[in-house]
Amino acid sequence: MAAVIYTLYLVLMMLWAGRESALHIGDALTSYNSLIGALAPLGHDSNRRLVWRGWLRALPATGELPGITVFVVAMIGTVSYDGLSSTI
């Protein structure tokens, strides 16, 4: 049910603001997907062909993503809490 509601939310945002704008300002997973994409060893070149670029090579080129600092801190906190809570 949550996936259906989130999909409807994104479709309505895209109809209202346009595809690129809606995904840039309204999608909560954009920061996550951009970060994971920058960590991946595969990427694409200017001709949109799949290329091997190596692990973490695109991370410095990601630039300032909206909300990425808060996202990374929250992910470190949740993973740390989960790990520490299961050790006690």
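Just so you know, all these numbers are worked out from the coordinates, no wet-lab data involved. In this text the structure is predicted, and so the values were computed from the model without any measurement.
Quickly estimate the mean residue ellipticity at 222 nm for the chain, helices only: each DSSP H run with n ≥ 4 gives -39500 (n - 2.57), and the total goes over all residues, rounded to 500.
After summing the helix terms and dividing by the residues of the chain, the value is -18500 deg cm²/dmol.
Give, in whole angstrom and from largest to smallest, the semi-axes √(5λ) of the equivalent ellipsoid of the chain, with λ running over the eigenvalues of the Cα gyration tensor.
26, 24, 12
Which whole-Hz couplings ³J(HN,Hα) result when phi for each residue of the stretch 40-45 is put into the Karplus expression 6.51 cos²θ - 1.76 cosθ + 1.60, θ = phi - 60°, listed in order with x for Gly and Pro?
Residue by residue, the stretch 40-45 yields 5, x, 9, x, 9, 8 Hz.
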